[in-house]
């Protein structure tokens, strides 16, 4: 029996610079039943879904449904599904022309009640005699970064310099200062990307002397609440600095 490639889809996360790691994918019971019925071969590994099926196995359009869990814990903290309500379940729909993100009522997917740790679902729309080959990019959160400076620099007037953007640099405000700790929060949100080059430097405000040439980047492991200059509170990605 001659087989042909039906699906070749990779889940890629912006947090990992487009890598397909961090996901564990499982087909829904209905999808498994369809694939078994036609004798299709399904291989799932490292966020990749590869399906081969007998020639002319499908004579009409099909929808395949997969559930996705995080194989790396911090993926939960850095994944963003804008437009999906809190009481909805995020579903990524992929076909031959586009990828869309949508929210669906959880009661419409009853098997979720029997599953633990599912982040989102992937729905693939398949046409007869056509291979679906695509990369599905999962967006990373953008958060305000908060540098927590302790030690000998805690009480000094400091400045955080954006070494990557000279024309429109990211600016930071000191929202709290004490003998023990000072907090500097960015005025805008910045994407969180693992392994990205360092972009910020720590300067002495009075002399513009560079105190630390390369400050650590934010990660999905250190999220907290901080009070901003206007008195409101926001979720920030903390970076600890102790010279």
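Any read-out appearing in this document is the output of simple, stated calculations on the displayed coordinates, not a laboratory observation. These figures come from a predicted structure and were not determined experimentally. Neighbour counts are summed over all protein chains in view; Cβ atoms, including those assigned to glycine, are modelled from backbone coordinates with ideal geometry.
Summary of computed values
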{"quantity": "Efficiency of FRET from Cβ geometry, residue 95 and residue 71, R₀ 30 Å, rounded to 0.05", "calculated": "0.70"}
{"quantity": "Quotient of C-alpha Rg and 2.2 N^0.38 Å, computed over the chain", "calculated": "1.30"}
{"quantity": "Pair-distance profile P(r), taking every C-alpha pair of region 3-138, with 10 angstrom steps and integer %", "calculated": "11, 44, 35, 9, 0"}
{"quantity": "Tensor-based shape of region 72-145 (alpha-carbon gyration tensor, a/c under 1.5 rounded, otherwise prolate or oblate)", "calculated": "oblate"}
{"quantity": "DSSP-defined antiparallel bridges as percent of all bridges, region 3-138, nearest 5", "calculated": "75"}
{"quantity": "The chain - percent relative contact order, Cα under 8 Å, separation 6 or more", "calculated": "19"}
{"quantity": "DSSP bridge pairs, the chain: antiparallel proportion in percent, nearest 5", "calculated": "75"}
{"quantity": "Estimated distance in nm for a label pair at residue 26 and residue 142, the labels positioned 7 Å out from Cα along Cα-to-Cβ", "calculated": "3.5"}
{"quantity": "Choice from 26, 100, 79 with maximal GNM fluctuation in the chain (Cα, 10 Å cutoff)", "calculated": "100"}
{"quantity": "Principal axes of region 142-241: Cα extent on each, largest first, Å", "calculated": "31, 29, 23"}
{"quantity": "Helix 29-38 vs. the chain, principal-axis angle (Cα, 0 to 90°, nearest 10)", "calculated": "40"}
{"quantity": "Efficiency of FRET between residue 229 and residue 41 - r from beta-carbon atoms, R0 51 angstrom, step 0.05", "calculated": "0.30"}
